[in-house]
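None of the figures in this text is laboratory data; all of them are computed from the coordinates on show. Note that the structure is a prediction, hence the values are computed from the model and not measured. So basically every Cβ, Gly included, is an ideal-geometry build from the backbone, and we count neighbours across all protein chains shown.
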Amino acid sequence: MTWLSGAVWLPLIGAALHPLLGWCVQQGTSRGSSLTVTVAVANLVTALIFLGYLKPSGSWLLSGKDWWAVGNGVLFFLGQWFSIQSVKSGDLAVHSSALGLKVLVVGFFSMLVGLEASSWSLVTGVILATYAVFLVSGGSAEGWRKHRVTLGLTLIACLFFGLNDFLTGWQSREIGKDRWLTLMMGSSGLISLLLLMKRKKQVGDIFSSSATAGFVLGAGGLLGVQALAVNLAFSTYGQPTLSNVVYSSRGLMAVLFLYCIGKRSDPRFVKKQTIGAVLMVIALAVVLGT
């Protein structure tokens, strides 16, 4: 059955970790760590987690599709970069709701090359999941109009993230998923390391406080496990659209997380979030029923 597949439960684990990741990033930045440095450290920790789990073997000489994996790591880093700029430029709700459009990029390219068979149920599920993310995040058409720069930067991030997910699902088995993921995250980690070397003072300030360092490293650990789970789903099962629809439930997970820790949403958004949650459940049921 589809719902027992790792293409489903692995991204579901990633979605469940998303609120904790966001909370750690928020706590780290509130204690003085810049968002850029926080994400760069998290990317570096993520690369180390991938290396430790996958235990790569063989030659480090690059050839053939190895370069695709390296390029995919650059796409991942660029997605992170534009996502950071989007968060800095404006409203987080607009960023979060627009980021849900990534699933459309993945779905388009996956169906274009025949990686996943096009079907009404899959297309319907993608559309429902995208709109559900928009509602759960508290997005609005007015907010999108007011925050055009945020929207534009987020859409660029969606393109890079979507291509990254699609290429992992499509090409990773050509050289083996372990080698692909190692080269991909290693490339992203190397770029992040170079970035951190140019910001030594900011890095030093982070690690001068044990609390700040703990939250930043915690964000890295959570990002590493989350990215590992989601990318293993893409590379092992080759159904990135299905996995992305499931992963889109991270918005719903965030709402539940805030409710559990006693933080209530703005009453204006409660109705939207409730409708979004229902739509997300329907989207998952439609896609998993195929």
### Task
Would you calculate the separation in nanometres between label points at LEU48 and ALA211, each defined as 7 Å from the Cα along the Cα-to-beta-carbon direction?
2.3 nm
## Note on the structure
The summed charge of the LEU51 Cβ neighbourhood (under 13 Å; Lys/Arg +1, Asp/Glu -1) stands at +1
### Members of LYS88/LYS200; LYS102/LYS272; LYS88/LYS177; LYS146/LYS201; LYS146/LYS271; LYS55/LYS200 lying beyond 25 Å, as alpha-carbon distances in this model show
LYS88/LYS177; LYS146/LYS201; LYS55/LYS200
### Query
Across every pair of different alpha-carbon atoms, what Kirkwood hydrodynamic radius in Å does the chain reach?
19.2 Å
### Message
Averaging the inverse of every distinct alpha carbon separation and then flipping it gives the Kirkwood radius. What is it for the range 131-203, in angstrom units?
### Response
15.4 Å
### Task
Could you check the simple spin-label distance between VAL74 and THR274, using points 7 Å along Cα→Cβ, in nm with one decimal?
4.9 nm
### Size of electric dipole in the chain: Cβ of Lys, Arg +1 and of Asp, Glu -1, about Cα centre, debye, nearest 20
660 debye
### Task
Search the structure for amide H atoms under 5 Å from the amide H of LEU101, placed 1.01 Å from N in the peptide plane, and list their residues when 5 or more places away or on another chain.
none
### Query
Non-local amide H neighbours of GLY176 (under 5 Å, H modeled in plane, Pro and chain starts lacking H): which ones?
none
### Message
Would the range 1-84 count as rounded, prolate or oblate if I go by the C-alpha gyration tensor, calling it rounded below 1.5 in a/c and otherwise prolate when a/b exceeds b/c, oblate otherwise?
### Response
oblate
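So between ILE282 and LYS88, what do we pick up on full extension, going 0.36 nm a residue minus the alpha carbon distance?
66.6 nm
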## Note on the structure
If each K or R counts +1 and each D or E counts -1, the residues other than ASP66 whose Cβ falls under 15 Å of its Cβ total +2
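Need the full-extension length gain, THR124 to LEU112, defined as separation in residues times 0.36 nm minus the C-alpha distance. One decimal, nm.
2.7 nm
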### Message
Give the average over all directions of the projected area of the C-alpha convex hull of the range 66-216, one decimal, in nm².
### Response
11.0 nm²
